[in-house]
Amino acid sequence: MGIELSKELRDQYQKTLDLAKKQIQDIENTIEDELAKVKERLAELQNKKKTLLQMYAAGCEILGTDNEFEKSESSGQGADLT
């Protein structure tokens, strides 16, 4: 299906393909690594938010005030991203 090429030209194209393939694989690996870091950071932030919301809710209960976050959390505005 390919075009007739000299051995030298064919080798040059093969080297180009091999290099491009390696670079694509390297980029894919980098993307996976970065996604893992982002997911880990999101989990940390969500845990911190959950803890702070619990502290805030307890404070509201002690003071007898409305918890403004209770409404937004139950309506999905604070939805979990994982």
| request: Test K22 against the stated conditions and say whether it is more than 16 Å from the chain's Cα centre (by Cα) and either surrounded by 10 or more Cβ atoms within 10 Å (Cβ to Cβ) or in a helix (DSSP H, G or I) (or both). | output: yes
| Pairs where the first residue, in segment 41-64, is hydrophobic (A, V, I, L, M, F, W, C) and the second is in a helix (DSSP H, G or I) and surrounded by 10 or more Cβ atoms within 10 Å (Cβ to Cβ), C-beta under 6 Å, 6+ apart | L53/F69
| said: So, in segment 1-58, how many residues would count as being among the β-branched types (V, I, T) and closer than 30 Å to F69 by Cβ? | reply: 2
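Each reported figure results from applying straightforward, stated rules to the coordinates on display, with no laboratory input. What you are looking at is a predicted structure, and each value in this text was computed from that prediction instead of being measured. Because the Cβ atoms are built from the backbone with ideal geometry, glycine has one as well, and the counts that use them run over all protein chains shown.
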